[in-house]
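Report on one structure; see the data block that follows.
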Amino acid sequence: MNKARLKYMELAPEGLSKMTALEHYLNNGTGLEPSLLGMIRLRASLMNGCEYCIHLHAAELRKLNETADRIDKITDWRGTDLYTQRERAALAWTEALTDIQDGHAPDALYDQVQAHFTEVETVNLTLVVSTINAWNRIAIALGSHSHRG
């Protein structure tokens, strides 16, 4: 974990409170499964190398009684049958949106997401991926502080 460069939660409380409010909505107002949210957040954090967020979201998944196998193998989710088709679609979407410059979000992948998520869920899924990427970048750039992501 990198040392805090700035006390960003104190310096920009209004903006960060808006992000925290969005997280509250994503966690409580979307109907998306808590374990799915955790997997999305862990996968993006692993891709981004945000140590603070990796530890946070792995711990959250353990609290949700996710198995060590499912947590540990999330990087290689394609090579195992531990994840449902819905989870696989969400993880593929997470990877595409986290590494957006590599092929963007192809139609074939979008169609796969649409096969497992409603239109509203697809918007909310995209918001989850977007916010964890934002939190990762804030923590990496400005220092690891507690956040609600």
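Since every read-out is calculated from the coordinates, none of them should be taken as a lab result. Remember, predicted model here, so these are calculated numbers, not experimental data. Here the Cβ positions follow ideal geometry from the backbone for every residue, glycine too, while neighbour counts run over all protein chains shown.
Structural remarks
- Neighbour counting of Cβ atoms within 10 Å sorts the residues 67, 94, 131, fewest neighbours leading, into 67, 131, 94.
- The distance separating the Cα centre of segment 1-55 from that of segment 89-149 comes to 12 Å.
- Charge dipole magnitude, Cβ of K and R +1, D and E -1 - the chain, Cα centre, debye nearest 20: 580 debye
- The eigenvalues of the Cα gyration tensor, multiplied by 5 and square-rooted, give the chain an equivalent ellipsoid with semi-axes of 25, 17, 15 Å from largest to smallest.
- Gaussian network model of the chain, springs between alpha carbon atoms under 10 Å - residue of 119, 95, 23 with greatest fluctuation: 119
- Cβ-derived FRET efficiency at R0 30 Å, residue 5 paired with residue 85, nearest 0.05: 0.15
- Whole-Hz Karplus values for segment 127-137 come out as 5, 4, 4, 5, 6, 5, 5, 5, 4, 4, 5 Hz, taken residue by residue from phi with 6.51 cos²θ - 1.76 cosθ + 1.60 and θ = phi - 60°; glycine and proline positions read x.
- Since only 125, 85, 65 are under comparison, the one whose Cα sits farthest along the positive direction of the charge dipole of the chain, derived from C-beta charges on Lys, Arg, Asp and Glu, is 65.
- Residue 33-residue 105 pseudo-label distance in nm [points 7 Å out on the Cα-to-Cβ vector]: 2.1 nm
- Within straight-line cross-link reach of residue 7, lysines at Cα separation under 29 Å, skipping those fewer than 8 residues along the same chain: 18, 63
- Hz values of 3J(HN,Hα) by residue in segment 37-46 - Karplus curve (6.51, -1.76, 1.60), Gly and Pro given as x: 4, x, 5, 4, 5, 5, 4, 5, 5, 5
- Phi-based couplings in Hz for segment 13-25 (Karplus 6.51, -1.76, 1.60; Gly and Pro marked x): x, 5, x, 6, 5, 5, 5, 5, 5, 5, 4, 4, 4
- Near residue 91: Cβ cut-off under 12 Å, other residues only, Lys/Arg at +1 and Asp/Glu at -1. The net charge is +4.
- The chain, relative contact order in percent, only Cα pairs under 8 angstrom and at least six apart counted: 38 percent
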